[in-house]
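Working notes, structure below.
Read the figures in this text as sums done on the coordinates, not as results from a lab. As the structure is a computational prediction, the values presented were derived from the model and not from experiment. Here the Cβ is made from the backbone with ideal geometry for all residues, glycine too, and neighbour counts use every protein chain on show.
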Amino acid sequence: GKDPGSQNIATLDGINEEGLTVSTNVHHSAEYQTKTSASNNIGHHQVAKHLLAQYSTVKEAIDYLKGVRVYRGLSEKAPGSHWLVADSNGDAVTIEFIDGELKVYNNNNVGVLTNDPSFDWHL
């Protein structure tokens, strides 16, 4: 099938019927994974869309992201992103890609995310 990450439509923020929320913020130092010929690639601009369309909990969202390759979508000049993901159970995480690796930070105590720099710097 068609790679959904190649679509040039970006969902930045939202909440779905199950109460999962995703907020996208600028993260210029984000370094994503390398796109491969496998079908499990999504552009970083499609992360929020995929999470909101398919999942209801933070755990499900993290498990999904562990099984896909997130590459810099749109263009090499597109700003990077990091995401605050929260669910109706009260779980909240910040998701980033640093040096091509998925990083997940517990965000239950802070509950917010801003643009640059990386989440751990803010703490």
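For the reader, a short list of remarks on this structure follows.
- Selected from Thr11, Thr94, Thr57 as most flexible by GNM, with the chain as the system and alpha-carbon contacts under 10 Å: Thr11
- Cβ crowding within 10 Å averaged over residues, with 107-120, 41-54 ranked highest first: 41-54, 107-120
- Inter-label distance for Val104 and Ala78, nm, one decimal - labels placed 7 Å from Cα along Cα-to-Cβ: 2.3
- Spin-label model distance (nm) - Ser88 vs Glu17, 7 Å beyond Cα toward Cβ: 1.1
- Global geometry of the range 37-87, whether rounded, prolate or oblate, following the gyration tensor of its Cα atoms and the 1.5 cut on a/c: oblate
- Dipole moment magnitude, nearest 20 debye, the chain about Cα centre, only Lys, Arg, Asp, Glu C-beta charged: 400
- From the coordinates shown, Cα extents along the principal axes in Å corresponds to which of (i) 66, 30, 29; (ii) 55, 30, 24; (iii) 38, 32, 22: (iii)
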